[in-house]
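Chemist: I'd like to ask you about the structure that follows.
Each reported figure results from applying straightforward, stated rules to the coordinates on display, with no laboratory input. The structure displayed is predicted, hence computed values, not measured ones. No Cβ is skipped: glycine too gets one built from the backbone with ideal geometry, and neighbour counts run over all protein chains shown.
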Amino acid sequence: MNIDRISESVLSVKPAYTDIIRFHAKIFRLQEDYKAKIDLGEMIENELTAAGNTTSDGPLLLRSAFPLDISASKSLLAELCRIEGREVMNEVVAVVRNAVNADPALPEKLFKGVLNDDREIFEQAGAKIDVDLEILEFYGRESIEPSVVYVSERIAEGRPERDHDALKGYCPICGSLPSFALIDDSGKRKLVCAFCKHQWPVNRIYCPWCENTDQKTLKYLSIEQEEAYRISVCEKCNHYIKTIMLDKLPYPFHIGMEMCGTLHLDMISEKNGFLSIEGRSGTFTG
Ligand SMILES: [Zn+2]
Ligand SMILES: [Zn+2]
């Protein structure tokens, strides 16, 4: 479905998100265009063979090893740096745009920082740039997104779900942590990877952060007037994960749109004393 139609339909229910969703919708549209043109040549074939031959229970291709279409990522970054939003956002975008124009090596440093989930790389790359490192990370992440999702889809293609993945809190494809959970139309619970967007089925009674399976300490916070959302909380490790009930969502499901249109759920969770996973390592380490 067309991004503009989805974003307008989300905004008819969530007008408070107008600025953020309009801004991100432009990014999602570009990412879709770029994903259709990704060219990884032989790089992807080698990784597909390696993933197909793996006998380990761990991730099939660690995020640090994801091949990227560098020229597409660079050209997408240049386009992202031209997307405007609110006034204050435009100032930030201009700083990033000038930094990218001034240092031809910067894009690849940002891509490497995202692949390795390494704050130090951003600290070095951003030492002389007057923006928060999160902003640089955002631009790096969004620029490589088409390659990353393309590679993840190719690896997952035709591959049966592995039973042991249902009790893993990290993505079976790339080893990253999930960004949220969903309950699909058939009632199956899935986690959605924060890095490659892969969805993998997990047990309904299960905390992805501490692997708790004790029903008594795994609860839901319901959200008033928004029956499509719940917050799954774990009283053992005190963390939460946002959960989307797809059959109750009043607009078409789009991962990116849900990522930016559910910030209020994080505030509710934190008000109730539950922690987000931010600040934890985002990657499987073995
Ligand atoms: Zn993943
Ligand atoms: Zn837990």
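Chemist: What are the residues whose amide H is under 5 Å from the amide H of Ser179, where those residues sit 5 or more places off or on another chain and H is modelled from the backbone?
Modeler: So Ser179 has HN proximity to Val192, Cys193, Ala194.
Chemist: Once the piece of chain linking Arg119 and Arg97 is laid out straight, how much longer is it, given 0.36 nm per residue of separation minus the C-alpha distance between them?
Modeler: Answer, rounded to one decimal: 5.9 nm.
Chemist: Throw me the Rg/Rh for the chain, computed over C-alpha atoms with Kirkwood Rh, two decimals. Could you put the intermediate results ahead of the total?
Modeler: Details: Rg = 19.0 Å, Rh = 19.9 Å.
Result: Rg/Rh = 0.95.
Chemist: May I pose another question? Based on the mean of other Cβ atoms within 10 Å per residue, sort peptides 173-185, 142-154, 57-69, 209-221 so the most packed one is first. Intermediate results must be reported in sequence, preceding the final value.
Modeler: Values: 173-185: 20.8, 142-154: 23.3, 57-69: 19.3, 209-221: 13.7.
Those peptides, ordered most packed to least, come out 142-154, 173-185, 57-69, 209-221.
Chemist: Oh, and also: With θ set to phi - 60°, apply the Karplus curve 6.51 cos²θ - 1.76 cosθ + 1.60 along the range 199-204 and write out the HN-Hα couplings as whole Hz, x wherever there is a Gly or Pro.
Modeler: 10, 10, x, 9, 4, 5
Chemist: Moving to a separate point now. Could you quote the convex hull projected area for the range 134-188, Cα atoms only and averaged over all directions, in nm²?
Modeler: The directionally averaged projection comes out at 5.1 nm².
Chemist: How long is the range 127-286 along each principal axis, judged by its Cα atoms, biggest number first, in Å?
Modeler: That gives 48, 40, 36 Å along the principal axes, largest extent first.
Chemist: If you wrap a convex hull around the C-alpha atoms of the range 3-156 and split its volume per residue, what is the figure in Å³?
Modeler: About 131 Å³ per residue, rounded to a whole number.
Chemist: Further question on the same structure: May I ask you to evaluate 6.51 cos²θ - 1.76 cosθ + 1.60, the Karplus curve with θ = phi - 60°, for each residue of the range 244-260 and list the ³J(HN,Hα) values in order in whole Hz, giving x for glycine and proline?
Modeler: 10, 8, 4, 6, 9, 5, x, 8, x, 6, 9, 4, x, 5, 6, 4, 8
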